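Input: a single structure, listed below in structure tokens.
Where a number appears in this text, it was derived from the coordinates with a stated rule and is not lab data. Just so you know, these numbers come straight off a predicted model, no measurement behind them. Here Cβ is always computed from backbone atoms with ideal geometry, including for glycine, and neighbour counts include all displayed protein chains.
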């Protein structure tokens with residue numbers, strides 16, 4: 001049985017709302033960004049747009065955070081030219097591909113597994129990027145020390161991924177079931193007899 005896919009504006013409204021939530025006070029790494037990537041990958045039919053949406057959400061929220069919420073942290077140009085930043089963006093790019101895998105089966109266990117995979121990707125890539133710019137030795141010991149420093153943040157990231165992913169996917173499901181006119185033709189095979 002194929003599940004209905006929500007219209008684009010429903011997904012984009014949830015993405016915009018989730019982006020705003022990133023700007024509110026929160027625990028470290030407890031953000032909706034992985035959920036945005038998963039939701040975009042799962043429900044936005046156009047793969048280029050699905051990849052663009054989380055990148056745009058990340059970029060806009062990074063820009064607002066750096067420019068207005070934490071201007072003493074570092075400048076916009078310092079952040080976006082930092083070698084570590086590319087690894088963060090690459091991680092969210094990969095997370096959207098995980099979302100593509102949800103297109104066939106949006107079930108609780110698949111959402112949970114995807115949220116965990118996103119947390120692992122973020123942990124590995126973001127901490128590698130941190131290692132490139134931190135003061136630890138650029139050898140295996142320094143890399144492992146950087147990963148060890150990142151472990152306390154992993155739990156927040158995983159909790160945020162699980163929370164926001166389940167809320168986002170449940171909201172989409174509720175809206176489509178409550179108002180069927182918000183659904184479009186299912187993804188996958190759309191014509192002919194099966």
Listed residues 149, 22, 45, most fluctuating in the chain (Gaussian network, C-alpha, under 10 Å): 149
Burial ordering of 65, 178, fewest other beta-carbon atoms within 10 Å first: 178, 65
Please compute the length gained on full extension between residue 108 and residue 23, using 0.36 nm multiplied by the number of residues separating them and subtracting their Cα-Cα distance. 27.9 nm
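Give the calculated FRET efficiency between residue 124 and residue 82 to the nearest 0.05, with a Förster radius of 22 Å applied to their Cβ-Cβ distance.
Calculated transfer efficiency: 0.80.
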Sorting 169, 123, 9 on the 10 Å Cβ count, fewest up front, what's the list? 9, 123, 169
Taking the range 5-180 and dividing mean pair separation by its residue count, relative contact order in percent (alpha carbons under 8 Å, at least six apart): 30
If you build a Gaussian network model of the chain, linking Cα atoms that sit under 10 Å apart, which residue out of 42, 108, 50 swings the most? 108
How far apart, in nm, are the 7 Å Cα→Cβ label points at residue 90 and residue 64? 2.8
Degrees separating the helix 47-64 axis from the principal Cα axis of the chain, which is the longest one: 40
Applying 1/(1 + (r/R0)^6) with R0 = 35 Å to the Cβ-Cβ distance of residue 133 and residue 52, what FRET efficiency is obtained, to the nearest 0.05? 0.85
Least to most buried among 163, 92, by other C-beta atoms within 10 Å and fewest first, runs 163, 92
C-alpha long axis of helix 83-101 to longest principal axis of the chain, angle in °: 20
